[in-house]
Amino acid sequence: MRFIAKTTPPQKYKGKALWFCFKDDRLLVQVVNKCHVIPCFEIPAQHGIEIIRSQYLGILDGKHCFGAQLSADYKAQPGMHLLTLRKLYGQVDELLFSLARRAYLIVQWDQNHQYCGRCGMITKSMLEERAKICPNCGFISYPRIVPAIIVAVIKDNSILLAHAKRFKHNIHSVIAGFVEPGESLEECIGREVFEEVGIKVKNISYFKSQSWPFPNSLMIAFTAHYAGGEIEVDGKEIDHAGWYTTAELPEIPPPISISRELIDWFVEKHRQIVCG
């Protein structure tokens, strides 16, 4: 499968298109042979799907792709389901899931920027780029992406895992936080780790990144080593933290998240060291 991102919709096209239609945070999927697939229609309205507004995404293997906002009173017809992206994970191809994340971010941005944030006038979509422009004051708004760091801190053969108050059950994960204005990613890592659990880090290394549309973040993952201090949780965001070896890991996040990738990386790295 190959996807070509585009912002300018075709003036005319024939055939079916892939429609990533959202009602709030739930994506409309079709059930075919007990599997979930992205609806592929020529005209959604012919299938009882009322769309408020849509945004062109690009072309996937010759098929045009659209992101769309469903009406607030839309109810899924027989053979259709409305699923959150979390529930959809693992049920469709990875590229389709990535496109669903992209569509959700763009649909949310489109919905939230119908009016100029500077003067309040109705905005217009720009054709040459993914942006909205105010015809009154000229202010341009782009899709909002919020950068956040997430870091696996290693001490000898242990990884730092913490339980945030917002977590369900007893899930423990690595430290994460949003980048503040004027702050570098490395500065953000040092601040977040120290603020939340009271320790210092060193040897910060880039791991990978992940779009995280819950609702609009870009998670930038790192690894780091313990540099000093004793664990002291802030009590506001974090209520428990500790050092864990691979033999004593607590409940950890599901595979959908980059936090799980970091933890899996630690487990694999430690296994290689032990098996030597």
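Any read-out appearing in this document is the output of simple, stated calculations on the displayed coordinates, not a laboratory observation. This is a predicted model, so every value here is computed, not measured. Quick reminder, even Gly has a Cβ in these numbers, built from the backbone with ideal geometry, and neighbours come from all protein chains shown.
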Exercise for review: Measure nothing but the geometry: give the 0 to 90° angle between the long axis through the Cα atoms of 94-112 and the longest principal axis through the Cα atoms of the chain, rounded to 10°.
Suggested key: 70
Study note, to complete from the structure: Restricting to Cα pairs under 8 Å and 6 or more apart, the percent relative contact order of the chain works out to 15
Revision key, fill the gap. In order over the range 46-55: 3J(HN,Hα) from phi, Karplus 6.51/-1.76/1.60, θ = phi - 60°, whole Hz, x for each Gly or Pro, gives 5, 10, x, 9, 8, 9, 7, 7, 9, 9
Revision key, fill the gap. Tilt, helix 185-197 to longest principal axis of the chain (alpha-carbon atoms), in degrees rounded to tens, equals 60
Point to revise | Cα gyration tensor category, rounded, prolate or oblate, for the range 192-243 with a/c compared to 1.5 | key: oblate
Exercise for review: Determine the shape class of the range 144-205: with a ≥ b ≥ c the square roots of the Cα gyration tensor eigenvalues, call it rounded for a/c under 1.5, and otherwise prolate if a/b is greater than b/c, oblate otherwise.
Suggested key: oblate
Point to revise | Computed lengthening from Ser71 to Ala45, 0.36 nm per intervening residue step minus Cα-Cα distance | key: 8.2 nm
Exercise for review: Compute the separation of the alpha-carbon centres of the range 220-276 and the range 103-138 and state it in Å as a whole number.
Suggested key: 40
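Take the Cβ-Cβ distance between Asn157 and Asp93 as r, set R0 to 30 Å, and report the resulting FRET efficiency rounded to the nearest 0.05.
Efficiency, from the Cβ-Cβ distance: 0.25.
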Check your understanding: Near Lys202, which lysines are there with a Cα under 21 Å away, not counting those fewer than 8 places off in the same chain?
Key -> Lys155, Lys269
Practice item. Stick to Cα atoms and the Kirkwood definition of Rh, then tell me Rg/Rh for the chain. Key: 1.03
Review point. Tilt of helix 258-275 relative to the longest C-alpha principal axis of the chain, in degrees (0 to 90, nearest 10)?
Key: 40
Point to revise | Under 27 Å from the Cα of Lys6 - lysines, other chains or at least 8 residues apart | key: Lys14, Lys16, Lys23, Lys63, Lys124, Lys132, Lys208
Exercise for review: Give the cross-link partners of Lys165 among the lysines, using a straight C-alpha distance below 23 Å as the criterion and excluding same-chain residues fewer than 8 apart.
Suggested key: Lys87, Lys200, Lys236
Point to revise | Computed lengthening from Glu248 to Phe139, 0.36 nm per intervening residue step minus Cα-Cα distance | key: 33.9 nm
Check your understanding: Exactly which trypsin sites (Lys or Arg not before Pro) in the range 43-109 are in a DSSP loop and have at most 14 other Cβ atoms within 10 Å?
Key -> Lys75
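Given only helices, namely DSSP H runs of n ≥ 4 each adding -39500 (n - 2.57), what is the per-residue ellipticity at 222 nm of the chain, to the nearest 500 deg cm²/dmol?
Working: 4 runs with 54 residues, N = 276.
Computed ellipticity for the chain at 222 nm equals -6500 deg cm²/dmol.
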Review point. The range 1-53 to the range 152-177: how many Å between their Cα centroids?
Key: 38
